[in-house]
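Reading through the structure tokens given below for one structure.
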Amino acid sequence: MTKLLVVGAGGMLGCDVLRAAESAGVDAVGLTHAELDVSSEAAVSAAIAKVQPDVVINCAAWTDVDGAESSEEAAFAINATAAGILANSGPRLVHVSTDYVFDGNKQGAYVESDPVAPQSAYGRTKLAGEQLVAAASADHAIARTAWLFGVDGANFVETMLRLAEQRGEVSVVDDQVGCPTWTAHLADALVELATNPASGGIHHVAGAGSTSWFGFAAAIFEATGTAVALSPTTSAEFIRPAPRPANSVLEATRPDTPRLPDWREGLNGYLAARPAAVRSN
Ligand SMILES: NC(=O)c1ccc[n+]([C@@H]2O[C@H](COP(=O)([O-])OP(=O)(O)OC[C@H]3O[C@@H](n4cnc5c(N)ncnc54)[C@H](OP(=O)(O)O)[C@@H]3O)[C@@H](O)[C@H]2O)c1
């Protein structure tokens, strides 16, 4: 039976991957950042020697997209160098990457073989991670995903609900389109990729369908019955340190890529799974 080691196990995705492994009956050990710093080669080798996993799922990352603009070296150490360390550590690796490796200028959805051209420091470090993983061996699986929301992390759904409550009106960009993805759906897919040894190379794994951030916000308010004045805005009016792709819709063309349910189903699943404490905030 496959034994998994989940690194970055205390993060939003990592927590759901451990739950997904448990429900799939797959033996998994999770190590949080405090328990394993994946940027230390010595610490990674000691953890592999101790846990003896068949597959490592890498949920560890620098995920502060705007912060990476002024700290690219520190983001590179985690998103790129550490991914290479994990890929060279022995066991097969399922590595998580991002839609932000694309520039966003394509008309239509991005497939696995489309040219990459990241526009942000975060995207560059994540692309370098993909390249180091691929250089280590073609056997590793790289799962590009997008627009994550889950019960164990700060996410767009909670931000929208908080802003609606605090301000009663919310403006959201309508000119960035992507695939909102519930981490619980993604986690099931990662466990599936981990247990399928023939699934090497790049996979696009995101919620089915697509929408803009404005469309996502509208669905959140509708599903929760939140009364709020929601208006569309543009990226030019809502400037952030890191540029985001205008279009980062991901399409899976590989038959061996696990398909995720529609993003609206993910939103409903998330809303039902939200801790009661969060729901009453
Ligand atoms: N969130 C999104 O919308 C999104 C979209 C596309 C792709 N992704 C990718 O999905 C993956 C999971 O992201 P997430 O949303 O679950 O992020 P997250 O909640 O920020 O989790 C990342 C985890 O990595 C840990 N970490 C950071 N540096 C580490 C190190 N040196 N060693 C070990 N652990 C370390 C963090 O711990 P500390 O917090 O204690 O530092 C955190 O627990 C990442 O690869 C990310 O790039 C995310």
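The values are calculated or read from the model by the stated rules, or taken from the named source; none is laboratory data. All of these numbers come straight from a predicted model, not from anything done at the bench. Every residue, glycine among them, receives a Cβ derived from its backbone with ideal geometry; neighbour counts consider all protein chains shown.
Things to note:
- Screening L36, L5 for residues that are touching a helix residue (DSSP H, G or I) at 6+ places or on another chain (Cβ under 6 Å), within 14 Å of the ligand (Cβ to nearest atom), farther than 29 Å from V249 by Cβ and without any contact (Cβ under 8 Å) to a residue 40 or more places away in the chain leaves exactly one candidate, L36.
- Exactly one residue out of G25, G104 is under 22 Å from R244 (Cα atoms), assigned to a loop (DSSP other than H, G, I, E, B) and of a type in the set (G, A, S): that is G104.
- Qualifying residue in the stretch 32-46 (condition: of a type in the set (A, V, I, L, M), farther than 14 Å from I85 by Cβ and at pLDDT below 95): no
- Test for P180: is it closer than 23 Å to D64 by Cα and free of Cβ contacts under 8 Å to residues at least 24 places away in the same chain: no
- L13 near the ligand (Cβ under 6 Å from one of its atoms), buried (at least 22 other Cβ atoms within 10 Å of the Cβ) and modelled with pLDDT of 95 or more: yes
- Any hit, the stretch 93-105, residues being touching a helix residue (DSSP H, G or I) at 6+ places or on another chain (Cβ under 7 Å) and farther than 22 Å from E251 by Cβ: yes
- Residue within the stretch 231-252 that is more than 15 Å from the chain's Cα centre (by Cα), charged (D, E, K, R) and part of a helix (DSSP H, G or I) present: no
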